[in-house]
1. How do SER56, SER31 line up, fewest other C-beta atoms within 10 Å first?
2. What are the radius of gyration and Dmax of the stretch 1-111, computed over its Cα atoms and given in Å?
3. Between GLN39 and ARG77, with labels modelled 7 Å along Cα→Cβ, what's the label distance in nm to one decimal, could you check?
4. At R0 = 45 Å, how high is the FRET efficiency between ALA111 and ARG46 if r is their beta carbon distance? Nearest 0.05 is fine.
5. Kirkwood Rh, Cα Rg: Rg to Rh for the stretch 8-50?
6. Once the convex hull of the alpha carbons of the stretch 36-93 is built, what does its volume come to per residue, in cubic angstrom?
7. Can you put HIS105, HIS25 in order, fewest other beta carbons within 10 Å first?
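Each value in this text was obtained by applying a stated rule to the coordinates, not by laboratory testing. This one's a predicted model, so the numbers in the text were calculated from it and none came from an experiment. Note that each Cβ is placed from the backbone with ideal geometry, even for glycine, and that neighbours are counted across all protein chains shown.
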Amino acid sequence: MIIAILGGTGKEGGGLAMRWAQAGHTILIGSRDAERAGQRAAELSRQVNGAIEGLSNLEAARRGELVVITVPFAGHRTLLEEVRPALQGKIVVDTVVPVDLKAPHPYDPPAEGSAAERRPSRFWGQGQEWSRRFTTSPPMSFPLWVTSFRETVSFAATTRPPRRWSRH
């Protein structure tokens, strides 16, 4: 399977890329800066025996069969707007949470309630299947997981919008 990881130069994207590449999947690391993505892909490739390539976010989204979004919350909406056409007919796994560890108050949920609910409604449908996963898993745990894609991503993709979670 060809897995595109948008925003894949960070810890979360890198951890997922290494594990899935090791399991035999072709990995496309996406970034706003294709050169940076290429450097990160080369670095990860040296650590595992697998196919990892660096591209722009848009090109990775176009080429991926499965698209995983691992950008920081601040860049979530901008990325979705940029890659929207490339997501048609794809399964999209969205890992984004409204957390900024550099902010005085790290968890600041949007008015909509969650990153999933903040995603513009125009992204639902059109052959896309969305799943929210890895939102409570620290990136450092990814390399310890099993190598099977099915065991790592036990997701049930849905085309229905997420239900609203209560905020405590």
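1. So the ranking, lowest neighbour count to highest, is SER56, SER31.
2. Considering the stretch 1-111 through its Cα atoms, Rg and Dmax are 13.6, 43 Å.
3. It is 3.0 nm.
4. 0.55
5. Numbers: Rg = 9.3 Å, Rh = 10.0 Å.
Taking Rh as the inverse mean 1/r over Cα pairs, Rg/Rh reads 0.93.
6. On the way: hull volume 5.3 nm³, N = 58.
Cα-based convex hull of the stretch 36-93, divided per residue, equals 92 Å³.
7. Working: HIS105 6, HIS25 19.
Lowest to highest Cβ neighbour count: HIS105, HIS25.
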